[in-house]
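What follows is a set of notes on a single structure, which appears directly below.
The values are calculated or read from the model by the stated rules, or taken from the named source; none is laboratory data. Since this is a predicted model, take the numbers as computed values, not measurements. A quick note on method: Cβ atoms are made from the backbone with ideal geometry, for glycine too, and the neighbour counts reach across all protein chains shown.
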C-alpha cells in the first residue's frame, strides 16, 4: 500500500530562507555590507535557516488525521456515511385468510453471482426492513361509480352477485374523470392487491396495452397514483387479474355514505395519438386479495447487543462498538450502564456543552462508533466542572443494539435485491421494483478541510433566511433545494419549502415523487429545531408545483427524421421546465421566475435538427387530474412559493 502523501504546508527550502534573510539586511542594518560566506553574521543566518528548515520539515509531517482533529476542536466533524433506502416488495406463496407479519429488521440482500462467489471478490449488499409489514386479507365492503360530474351510483350488489354486471365508469358518453371506486374495510397501506375481474369486451377502441386509465388510492390528503405490477384484463375488457401496489399511507374516506379505504380506477383524457374507449367497459364479479406487501428498508445490518467495556471511574472515557459506521439510533437502541445500583439507560446528546455533573449523558459518534463520556474541564477562574456524569468504577457499559452500514455501495439497481437471508413463513420471494437511493460515502478529509472554514465563518445559528436554507440543505442528502419564506410582518411561522432529491430522469418525474417522506420531514425538522432561535416557529412543506404543458410547431432540418427531432425537443422541454434540472443553468427552475414563450422558443431553436420554430403556446396543467387548464398563453406567472413541472408537452414537426 502506498504511503499517504504528507501535506506541504510551507515549501521554503534552506536557500530560500537564507536569501530572504539577506534581503532584509539593508532594511534593518544598512551598515552591514559584507555578505560573503566567510562573514560570521552570514554564518549565523545559515545556522538559523538550517534550524528553520528542520522545523518546517516537522510541520509538513502533520497528517490529515491531525488536521481533522484540529477541526474537531472547533466543533467541525466529517459527515458520516448516509444510508441508502429502498422499497422492498414481499410476495406471498399463496392467498391466505390469515394475517402475515414480516417483522422489522428482516434482512435481505443482493444476489452474488457464481463467478463472484467463486473468486470471493464481491460481497452481497444487505438491507433491513425499517418497520413491521402487516399483510392482512382485505374485505371489500362497497363499490361505486362516480362520474366527473359527481354523480354517484352504487354498484356493490352488481359486483358481488353472480350473473349481474355494471358499467365500469358509470356514464355514457364517457368523460375524463369518471371512475370505479372499490371500498375496503381494513387498512390497505403497503399491500400488493390482486383484483380479480370478470369483464366483457365492450370497452372497444382502446389499446389493451396502453389504456387511458390510472389506479389511485386515498392517502388522507389526496388521491395518489398506484404502480400497476401486472394487468391481464386488457384495460378492463376481459376476465383477468390486476395487481396494484398500494403506497405506505392509506386513510379512511367516506363516499356515498360508506367509510372505507378506497381504490379507484379513473379514466384519463387520451394522450396525443392514444386511442380511448368508445363506450364504458362492463364488469361482473370482482374479488380483492392480498398477494404481498411493500416495506421500506435501509442499507444496514443489525448489530447484536454488545458489552463494550467497564468504567475505570475517570472522566472522558471512550469505548467503541465492534462495527461502524453506526446509523442514527432508532427505538430500542440505547446505552445501558450496570453498576451496584442496578441498570440505567443513559441519554445520547450531541455534545457535553449543556451537561451537568449529574446528567447521565453520553455522545455516540456515528462515523467511528465511539461512545464518549463527559470530560472534566478547568475554567479561567480556577474552577473545575464535570460535564456529564462519570460511570462508576467497575460499571459495565453495554449497548442494547445498533445498526451499521451506509455509503454509496447501497445504491443498487432495480430488481437486484432478491435474496431472503432468513426463512419467513408463507413468503415466497422479495424484490425491489425501484433502485435504492440516498447512499452517500462518508465525508473525506479533503472535503472536511474545505467545509470546515466555511462553517466557522457562517456560524450555526438559523437567523436569516439564508441560514435556514443552508441548514436545511445540510440536514440530509435527500434535500435537493430549499427556499425560506419569512413570516409575514414578523408574525406566524417561517415557511421552509423543501424539494426532495428525486434521482430518476426528468422525463419520469411525477407530482407524487416530490412529496416529502416522513423520515425526511423528521430529519429536517429536528435539525432546524437544534439551530433556530427560541420562539421562532418553522413550518416545513413542499412548494406548490405548477404544471406546464408546451405546444409547439417546429420545422426540422431537411433530411432529419421527424420522430427523432420531436423526441429531442420534448426531452429538452422536460428538462428545462423542471424543479431539479430546469432553468438556464440546469440546476432547477428558479423561484420567482416566470416562464415565457420567447425563452422556450430560444430553447427549441438550440435543439439539434430544428431549423426554425413557428409557434409556441404555454398551457397551465392540472398535474393531479391530468388535463390542460384554459387557453394557451405567452407567459405563465410563478408565485414565490411555487415551481414549474413539465407535463404532456405536444410538439408537431414539419
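On inspection, residue 437 fails the criterion of being farther than 30 Å from residue 536 by Cβ and modelled with pLDDT of 90 or more.
Would you be able to say whether some residue in the range 485-508 is part of a helix (DSSP H, G or I), on the phi > 0 side of the Ramachandran plot and not assigned by TED's automatic domain parsing to the domain that holds residue 633? Checking the range 485-508: at least one residue is part of a helix (DSSP H, G or I), on the phi > 0 side of the Ramachandran plot and not assigned by TED's automatic domain parsing to the domain that holds residue 633.
Scanning the range 187-211 for residues that are outside any strand (DSSP E or B), buried (at least 17 other Cβ atoms within 10 Å of the Cβ), touching a strand residue (DSSP E or B) at 6+ places or on another chain (Cβ under 7 Å) and at pLDDT 90 or above gives 188, 190.
Cβ-Cβ contacts under 7 Å between residues 6 or more apart (or on different chains), taken from a first residue in the range 474-485 that is buried (at least 20 other Cβ atoms within 10 Å of the Cβ) to a second residue that is at pLDDT below 85 and part of a loop (DSSP other than H, G, I, E, B), are listed as 478/438.
Taking the range 285-309, which residues are more than 30 Å from residue 519 (Cβ to Cβ) and surrounded by fewer than 18 Cβ atoms within 10 Å (Cβ to Cβ)?
To start, the set of residues in the range 285-309 that are more than 30 Å from residue 519 (Cβ to Cβ) comprises 285-287, 289, 307, 309.
Residues satisfying the conditions are 285, 287, 307, 309.
Can you find even one residue in the range 551-559 that is touching a residue at least 60 places away in the same chain (Cβ under 8 Å) and within 25 Å of the chain's Cα centre (by Cα)? Scanning the range 551-559 turns up no residue that is touching a residue at least 60 places away in the same chain (Cβ under 8 Å) and within 25 Å of the chain's Cα centre (by Cα).
Scanning the range 565-586 for residues that are under 22 Å from the mean Cα position of the chain (by Cα) and exposed (fewer than 13 other Cβ atoms within 10 Å of the Cβ) yields one hit, 586.
If I go through the range 607-629 residue by residue, how many of them are within 21 Å of residue 593 (Cα to Cα) and surrounded by fewer than 16 Cβ atoms within 10 Å (Cβ to Cβ)? So the count comes out to 2.
Collect the residues in the range 591-606 that are assigned to a loop (DSSP other than H, G, I, E, B) and surrounded by fewer than 17 Cβ atoms within 10 Å (Cβ to Cβ), keeping them in residue-number order. Give the steps one after another, and end with the answer.
So in the range 591-606, the residues assigned to a loop (DSSP other than H, G, I, E, B) come out as 591-594, 606.
Listed by number, the residues that qualify are 592, 593, 594, 606.
Among the numbered conditions (1) buried (at least 18 other Cβ atoms within 10 Å of the Cβ); (2) modelled with pLDDT under 80; (3) assigned to a loop (DSSP other than H, G, I, E, B), the only one that residue 71 does not meet is (3).
When residue 538 is tested against the conditions (1) surrounded by 15 or more Cβ atoms within 10 Å (Cβ to Cβ); (2) at pLDDT 90 or above; (3) touching a strand residue (DSSP E or B) at 6+ places or on another chain (Cβ under 6 Å), the lone failure is (2).
Looking across the range 122-149, just one residue is without any contact (Cβ under 8 Å) to a residue 60 or more places away in the chain and assigned to a strand (DSSP E or B), and that is 145.
Being closer than 28 Å to residue 85 by Cα and out of contact with any helix residue (DSSP H, G or I) (no Cβ under 8 Å at 6 or more places or on another chain) holds for only one residue in 495, 470, 483, 507, and it is 495. If the condition is being under 26 Å from residue 558 (Cβ atoms) and either not assigned by TED's automatic domain parsing to the domain that holds residue 579 or not in a strand (DSSP E or B) (or both), then the range 608-649 contributes 608, 609, 649.
For residue 158, state whether it is modelled with pLDDT of 90 or more and assigned by TED's automatic domain parsing to the domain that holds residue 277. Write out each step before concluding.
Working: modelled with pLDDT of 90 or more: no; assigned by TED's automatic domain parsing to the domain that holds residue 277: yes.
No.
The residues of the range 218-233 that are part of a loop (DSSP other than H, G, I, E, B) and under 25 Å from residue 199 (Cα atoms), listed by number, are 226, 227, 232, 233. In the condition set (1) part of a loop (DSSP other than H, G, I, E, B); (2) closer than 28 Å to residue 101 by Cα; (3) in contact (Cβ under 8 Å) with a residue 12 or more places away in the chain, residue 176 is compliant with all but (2).
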